[in-house]
Amino acid sequence: MPTKALRRALLLFCLLVPLLAVAGADRPAGGETHEFMLKNGMKVVVKEDHRAPVVVQQVWYKVGSSYEYGGITGVSHVLEHMMFKGTSRYPNGTFSEVIAELGGRENAFTSRDYTAYYQVLAADRLETAMRLEADRMRNLLLQEDDFQRERAVVQEERRLRTEDNPSALTYEQFLATAWLNSPYGNPVIGWMQDLESLTLDDLEHWYDRWYAPNNATLVVVGDVDPDEVHRLARRYYGGIRSRDVAPPKPRHEVAQIGERRITVKAPAELPYVILGYKVPTVPTAESDWEPYALEVLAGILDGGASARLSRELVRGREIAASAGAGYNGPTSRLDGLFLLDGTPAPGQTAAAIEAALREQVRALREAPVTAEELERVKAQVVAQEVYQRDSIQHQAMVIGTLETVGLDWRMAEGYAERIRAVTAEQVQAVARKYLLDECLTVAHLDPQPIDPANPPRQGGGDLH
């Protein structure tokens, strides 16, 4: 995964979709939030934001790639594609056509812990979006021809995003090495061999098992009346029968007992190095302050031009052409990774980058960060949160993410205060506790000759 992605991991509530900025607001963004529970077990969370006459509806299912097992990896993402193939009432393409005719837009995203679908449109059109989304919750038409086409689309997506992208390929192999039995070792898009053997029956089983109202959360944010949203939710989602949804079996990672290393040989222009330490997340941490201290620690290393990696490795010693750090998945439902990566500057080696990154980690273990660094990171985090609250899409993402991994949406309200409360001693404490060699995985990209007719790609992106 390129350094840009690591920087994005600094944010506690990173987006998988573009921000929808609501400009020109003269009223505060922070409206009241309301929670309802339908009789069939579907939770409804409504947040008022009356600055513009728009609304976002998101339906989050508690299923993603971390629910998958060997042989069917990628099934959650392929099913997400198939959800746009229609129902008998709204056949192929009708859903998207209706939303487009209303001036709205819609999409979906799959992650390790969830799959979600959303529409952004005029607030007075919310009922239409609800009618369409509720219909495909239980009435999806899964047909062989559609499946064959969409599986081919996903396979091509995988070739473009991963197999022809040396840094993404290295990151995928790195994750598979770092995690022995955690499902986070599997790529969200799935292994190509599993995609090739995936069947329509696999998708039907996945849809029947996980797509139920009592395994979903409806999030609505925008210029709405919460009581009216509740009424519409009862009308369109409330009639869908709940079903038994057995939770996934626990798949906690076995304890790592030594450093792991891997070298990836792929056509590339430059070497690339990535380091990852096992760390807890908000749901798994022993102490509730630890994830926030890790968040601040990532900002100390990679929080702009004045952060340590940029200041010391890129501009100062000129060892790295780029270097980054990030806390991968603080709100994931299982343990995560603290990541550092870098690309050597001309004349430098991958070994030199790795040594320099490990030196930075050692410095964090040995001495507390300065008061100036701490204040800089806290100010950045708070400013970022204020900016992101301008987006109704982001507000809905925060609520949906927290609810889907088993946390409470109210946690978001205290996020800035928890970051402000982090001390230099706590940052040093998490560095000493978690950034240890015996919990480290290292991957090196060893560049191979490039075929001029088929050059590698850069960048990646999220799965839609």
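Below, the figures for the structure above:
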quantity: Accessible area of the chain belonging to carbon and sulfur atoms, whole % at 1.4 Å probe; calculated: 51 percent
quantity: Residues Asn92 and Met192, FRET efficiency given R0 of 30 Å [Cβ-Cβ distance, rounded to 0.05]; calculated: 0.65
quantity: Normalised per residue, the volume of the convex hull around the Cα set of the stretch 340-415 (Å³); calculated: 178 Å³
quantity: Residue-span extension gain [Glu438 to Asp244] - 0.36 nm each, minus C-alpha spacing; calculated: 65.7 nm
quantity: Förster radius 56 Å - calculated FRET efficiency between Glu375 and Arg231, Cβ distance, rounded to 0.05; calculated: 0.75
quantity: Cα→Cβ-extended label distance, 7 Å offset, between Ala355 and Asp446, nm; calculated: 2.0 nm
quantity: Summed residue charge, Cβ within 14 Å of Gln155's Cβ, Lys/Arg positive, Asp/Glu negative; calculated: -2
quantity: Net charge of neighbours whose Cβ lies under 12 Å from the Cβ of Glu172, counting Lys and Arg as +1 and Asp and Glu as -1; calculated: +1
quantity: Listed residues Pro187, Leu334, Ser88: farthest to the positive end of the dipole of the chain (Cβ charges); calculated: Leu334
quantity: C-alpha long axis of helix 200-210 to longest principal axis of the chain, angle in °; calculated: 80 degrees
quantity: Between helix 144-158 and the chain: long-axis angle, C-alpha atoms, 0 to 90°, nearest 10; calculated: 20 degrees
quantity: Per residue accessible area of the stretch 375-447, 1.4 Å probe, in Å²; calculated: 39 Å²
quantity: Mean-position separation - Cα centroids, the stretch 394-457 and the stretch 194-214, in angstrom; calculated: 29 Å
quantity: R0 of 35 Å, Cβ-Cβ distance Glu32-Ser306: FRET efficiency to nearest 0.05; calculated: 0.40
quantity: Zone residues, the stretch 401-443, relative to Ile257, backbone N less than 16 Å from point 7 Å out along Cα-to-Cβ; calculated: 438-440
quantity: Label-point separation in nm, Thr423 to Glu157, each point 7 Å along Cα→Cβ; calculated: 4.7 nm
quantity: Over the chain: helical MRE at 222 nm, DSSP H runs n ≥ 4 each giving -39500 (n - 2.57), nearest 500; calculated: -11000 deg cm²/dmol
quantity: Span from the the stretch 27-73 Cα centroid across to the the stretch 245-315 one, whole angstrom; calculated: 28 Å
quantity: 15 Å beta-carbon shell around Leu440, net charge (K/R +1, D/E -1); calculated: 0
quantity: Listed values (i) 62, 50, 40; (ii) 67, 59, 38; (iii) 90, 55, 41, entry calculated as Cα extents along the principal axes in Å; calculated: (i)
quantity: Linear extension gain, Glu318 paired with Trp289, 0.36 nm per residue minus alpha-carbon span; calculated: 7.0 nm
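The values are calculated or read from the model by the stated rules, or taken from the named source; none is laboratory data. Fair warning: this is a prediction, and the values are worked out from it, not measured in the lab. FYI the Cβ positions are ideal-geometry reconstructions off the backbone, even for glycines, and counts take in every protein chain you see. Ligands, DNA and RNA are stripped out before the accessible areas are found, and what is left, the full protein with its side chains, is counted by its heavy atoms. Shrake-Rupley method; radii C 1.70, N 1.55, O 1.52, S 1.80 Å.
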